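Right, one structure below, let's go through it.
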Amino acid sequence: MKDWTQHYATRASRMAASEIRELLKLLDQPDIISFAGGIPDPDLFPKAELAKAFADVLTDPVRSAAALQYSVSEGYAPLRGWLAGYMGDLGVPCAPENILITNGSQQALDFIGKLFISPDDTVLVSWPTYLGALQAFNSYEPRFDALPGPDNNRTVESYRTEGGPGPKFGYAMPEFQNPTGASLTLSERERLLDTAEALDIPLVEDSAYETLRYDGERVPSLLSLAAARAGGIDTCKVIYMGTFSKSIVPALRVGWVCAARPVIDKLVLIKQASDLHVSTLNQIVMHEVAASILKDHTAHIRAVYRARRDATLKALTDYMPAGVSWTPPEGGMFIWLTLPEVVDGAALLERCIKEARVAFVPGAAFFADRSGRNTIRLSFSLNDEAKATEGVKRLAAMIRKVVAGE
């Protein structure tokens with residue numbers, strides 16, 4: 001087999017397989033209780049509504065001709081208009097020109113990396129942060145540093161190097177973060193905006209789980225706060241990413257970016273060069289389904305996921321040994337566990353799969369420096385209450401064995 005390494009660009013050395021995508025293969029093994037994949041329950045997908053929307057479009061000669069044809073890179077105009085209204089309801093007055101439709105929010109991360117990152121630029125991320133963001137940005141050869149937040153005391157001065165450039169931008173997931181499940185309070189969001197303004201850097205706001213709040217009151221988004229400070233979306237430096245993958249269905253791959261028009265204009269050029277546009281058929285169907293069922297549908301899935309979260313949290317309280325702590329998320333799909341220092345998450349996973357038939361994601365995958373080896377992420381979205389309880393019980397028993405040196 002020919003060695004291709006010498007032919008690759010230097011950035012190829014930073015590309016690695018997603019540990020989470022590999023773990024998703026375990027879902028095909030029915031005897032494994034998996035807390036690994038942070039994915040929605042397919043039983044909750046609005047299949048009937050999607051089938052009707054596809055049929056309505058494809059059986060209409062005029063609409064089907066448009067749906068199956070090439071289209072504009074910005075996205076399907078009615079969907080962009082609907083999303084402008086949706087963002088307005090979230091406290092962000094904007095126009096369709098402030099919206100770009102992307103092939104899922106993961107593509108938005110790649111485009112943002114391509115637009116902003118030059119080799120050796122510093123990108124600020126949470127510690128830990130979303131693995132998909134690290135992978136998307138890594139291709140553009142940045143350095144990573146810790147985003148200021150509740151877990152560190154970083155000052156503005158600590159980011160400024162003698163005669164060197166400051167950070168390029170900050171990436172944050174203020175709502176039910178993947179992987180920790182934690183959310184930023186209003187005061188923490190305001191402080192983050194203060195720091196970004198002092199550093200004169202944009203903030204990228206990943207709001208993938210915004211619709212999945214189970215407890216507490218909604219907190220204004222970074223974009224809504226920044227736009228209010230700056231006098232409008234076109235004069236503020238927050239780039240918002242949204243997706244229908246968690247609220248409707250992931251397979252249609254419809255996400256969006258909401259930002260100042262100069263940023264959208266540049267991202268459109270990247271979109272043109274990348275894949276021309278998101279599937280027009282998928283955009284039309286997503287617009288019809290979201291516009292008709294989003295509110296009621298998300299209320300239903302919130303009720304289901306809330307019960308699963310509560311069962312998982314109760315099982316953790318009932319079965320976990322001393323020395324294990326976890327986050328109690330107000331929404332989203334994730335619970336973050338910190339284990340005793342003697343427990344390595346990756347080694348624990350190996351034993352859990354072989355001996356307990358339980359899967360999760362080792363926490364080190366979410367740290368840019370691969371630290372946090374005694375942490376793990378549990379996703380509660382796929383397991384009903386009984387399965388969640390049994391899975392946590394098995395996991396707790398294995399942790400006890402490891403701590404005891406068995």
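The values are calculated or read from the model by the stated rules, or taken from the named source; none is laboratory data. Note that the coordinates shown come from a computational prediction; the quantities given were computed from them, not determined experimentally. When we count neighbours, we look across all protein chains shown, and the Cβ atoms used for this are built from the backbone with ideal geometry, even at glycine.
Quick look at the numbers
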{"read-out": "Near pairs, Cβ below 6 angstrom, 6+ apart or cross-chain, from segment 103-123 (of a type in the set (Asp, Glu)) to any residue that is in a helix (DSSP H, G or I)", "value": "Asp110/Ala136"}
{"read-out": "Scan of segment 311-333 for residues that are of a type outside the set (S, T, N, Q) and in a helix (DSSP H, G or I), ordered by number", "value": "Ala311, Leu313, Lys314, Ala315, Leu316, Asp318, Tyr319"}
{"read-out": "Residue match in segment 211-222 (condition: assigned to a loop (DSSP other than H, G, I, E, B), farther than 24 Å from Ala303 by Cβ and at pLDDT 95 or above)", "value": "yes"}
{"read-out": "Residue within segment 363-377 that is among the β-branched types (Val, Ile, Thr), assigned by TED's automatic domain parsing to the domain that holds Val343, crowded, with 23+ Cβ neighbours inside 10 Å and in a helix (DSSP H, G or I) present", "value": "no"}
{"read-out": "Failed condition for Val123, given (1) over 29 Å from Leu337 (Cα atoms); (2) in contact with a Lys or Arg (Cβ under 7 Å, 6 or more places away or on another chain); (3) of a type in the set (A, V, I, L, M)", "value": "(1)"}
{"read-out": "Failed condition for Tyr86, given (1) in a helix (DSSP H, G or I); (2) of a type outside the set (A, V, I, L, M, F, W, C); (3) not assigned by TED's automatic domain parsing to the domain that holds Leu276", "value": "(3)"}
{"read-out": "Segment 184-226: number of residues that are aromatic (Phe, Trp, Tyr) and surrounded by fewer than 19 Cβ atoms within 10 Å (Cβ to Cβ)", "value": "1"}
{"read-out": "First in segment 296-325 and farther than 24 Å from Lys393 by Cα, second anywhere and of a type in the set (Asp, Glu), Cβ under 9 Å, 6 or more apart", "value": "His297/Glu49; Ile301/Asp41"}
{"read-out": "Where a residue in segment 46-68 is more than 16 Å from Leu79 (Cα to Cα) and hydroxyl-bearing (Ser, Thr, Tyr) and its partner, wherever it lies, is at pLDDT 95 or above and assigned to a helix (DSSP H, G or I), with Cβ under 8 Å and at least six apart", "value": "Ser64/Val57; Ser64/Leu58"}
{"read-out": "Enumeration of residues in segment 312-326 that are within 23 Å of the chain's Cα centre (by Cα) and either buried (at least 20 other Cβ atoms within 10 Å of the Cβ) or of a type in the set (Phe, Trp, Tyr) (or both)", "value": "Thr312, Trp326"}
{"read-out": "Criterion: at pLDDT 95 or above and assigned to a helix (DSSP H, G or I) - qualifying residue of Glu350, Glu288", "value": "Glu288"}
{"read-out": "Any hit, segment 89-101, residues being of a type in the set (Asp, Glu), in contact (Cβ under 8 Å) with a residue 40 or more places away in the chain and within 26 Å of Asp145 (Cβ to Cβ)", "value": "no"}
{"read-out": "Subset of segment 301-312 (residues that are over 14 Å from Asp215 (Cα atoms) and of a type outside the set (Val, Ile, Thr))", "value": "Ala311"}
{"read-out": "Test: residue in segment 246-269 that is farther than 16 Å from Leu90 by Cβ and of a type in the set (S, T, N, Q)", "value": "no"}
